[in-house]
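Where a number appears in this text, it was derived from the coordinates with a stated rule and is not lab data. Here the structure is a predicted model, which is why all the values come from computation and not from measurement. Reconstructed Cβ throughout: ideal geometry from the backbone, glycine too, with neighbour counts over all protein chains shown.
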Amino acid sequence: MARERIISGQPIGPEDEQFNMALRPQSLAECIGAGELMTKLRIAIDAARQRTEPVEHILLHGPPGLGKTTLSYVIANEMAATIKVATGPSLTRASDLVGILTNLEARDVLFIDEIHRLTPAVEEYIYPAMEDFRVGFVVDSGMHSRTINLPLKPFTLIGATTRAGLLSPPLRTRFGISLHLDFWSVDDLLARARMSAEMLALSFDPSALEMLAGRARGTPRIVNRLLRRCRDYAQVKGDGRLTTDMVEAALGLEGIDALGLDELDRRFLRVIIDIYKGGPVGIEAVAATLGEETDTLVDVVEPFLLQIGLLARTRRGREVTARAYDHLGLQQPPAGEPGPLFDQ
Ligand code: ADP
């Protein structure tokens, strides 16, 4: 991504990541969020514990910042196991992966973030590891070549990806459990904001945290980040206490509006309105006009705009909705009339 985006669900630096680590819950009971996902995890963990087996391989998918890494650490903790962390792009050679796999103890967790970015060569080694807990590699070449099978201790692979559709089908089907992480409700975000504010020993008005939660784009990582910006602001411009005035001013400074949208969200909508008459338009065209990566738009910008109904995805492309015009304070041209580009 070209520039730092306060609203981005992705970590934006080591300091941000450290802050997030410190605020992560350790056990499932401490996790915020009820619902089916938590129930499924609880059952999978309890069942595995009773059988003294590893938890089944789990695929976690959903936009960044919603808790995939957190849940993986929690699962490892619940299993009293060690977690090894890798990312798809960092495992460039099969030997990197084999090295990690052969060092896993029984019931350990291997967490691979951005698992859709594994190279096909590395992926080949994952299949037998997941299915039969073994890796096979070829030694020597030509006539003398033979395959050596190395047994592995039974482990759990947790793969994380922003979009399950990006995974190759053979890899996707090898996960016993596949869970989608959705944007959080404002209530859950508020609980997260309160938990973080208490951990940081901040003094706050409850209404200030409500405002923060409402503007965090459904994303716990963003709640934490906004809280930090507001804390700094209140410390410098006020007496340190988080009030709605402080939150309003701090978020205004960051260009975050009442729905929690930032500059890139608004530019995205404006481009579709101004250049493409409100759509439908292909995402590549929008990306090229904005000078952003298509993947960034698809993974980070679009999901929330779709979720809150400012954008619609049709077979013919992306279209902004009447609500988006309203939010931006623009008049929607009557159907059939040329858009602003043609007025100029
Ligand atoms: P992802 O891996 O999906 O990008 P993270 O796991 O890093 O997201 O989550 C970002 C932050 O959100 C964490 O640091 C943590 O503070 C918070 N968080 C995520 N899931 C939970 C949860 N279930 N309960 C409480 N806080 C959570």
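Using Cα springs under 10 Å in a Gaussian network model of the chain, which residue among L190, L60, L150 shows the largest mean-square fluctuation?
Looking only at L190, L60, L150, the largest GNM fluctuation is found for L150.
In debye, nearest 20, what is the charge dipole magnitude of the chain about its Cα centre with +1 on Lys and Arg Cβ and -1 on Asp and Glu Cβ, if you could check?
520
Relative contact order (percent) for the range 90-226, with alpha-carbon contacts under 8 angstrom and 6 or more residues of separation?
22
Have a look at the range 1-124 and give its Rg and Dmax from the Cα atoms, expressed in angstrom.
Reported Rg and Dmax, both Å: 15.6, 48.
Helix 220-237: angle to the longest alpha-carbon principal axis of the chain, degrees 0 to 90, nearest 10?
50
Just rank E17, E123, fewest to most, by other beta-carbon atoms within 10 angstrom.
Arranged by neighbour count, lowest to highest, E17, E123 become E17, E123.
Compute the helix-to-body angle for 263-274: its Cα long axis versus the longest principal axis of the chain, expressed 0 to 90° and rounded to tens.
For helix 263-274, the angle is close to 70 degrees.
Using only the alpha carbons, work out the radius of gyration and Dmax of the chain in angstrom.
23.0, 78
How high is the relative contact order of the chain? Use alpha-carbon pairs under 8 Å, at least six apart in sequence, and give a whole percent.
Reported relative contact order: 17 percent.
How far, in degrees from 0 to 90, does helix 35-50 lean away from the longest principal axis of the Cα atoms of the chain, to the nearest 10?
Helix 35-50 and the main axis of the chain meet at about 20 degrees.
Between L328, L212, L264, find the one with the highest GNM mean-square fluctuation for the chain; connect C-alpha pairs within less than 10 Å.
Largest GNM mean-square fluctuation: L328.
Which shape class applies to the range 263-328: rounded if a/c is under 1.5, otherwise prolate when a/b exceeds b/c and oblate if not, where a ≥ b ≥ c are the square roots of the Cα gyration tensor eigenvalues?
rounded
Ranking K68, K84 by Cβ neighbours within 10 Å, fewest first, what do you get?
Fewest to most other Cβ atoms nearby, the residues stand as K84, K68.
Go through I273, T321, G238 and say which Cα lies farthest out towards the positive end of the charge dipole of the range 208-344; charges sit on Cβ, +1 for Lys and Arg, -1 for Asp and Glu.
G238
Taking K40 as the anchor, which lysines have their alpha carbon closer than 18 Å to its alpha carbon, excluding any fewer than eight residues away along the same chain?
Qualifying lysines at Cα under 18 Å: K68.
With 10 angstrom as the radius, rank T156, T69, T243, T82 by how many other C-beta atoms surround their C-beta, starting from the fewest.
T82, T243, T69, T156
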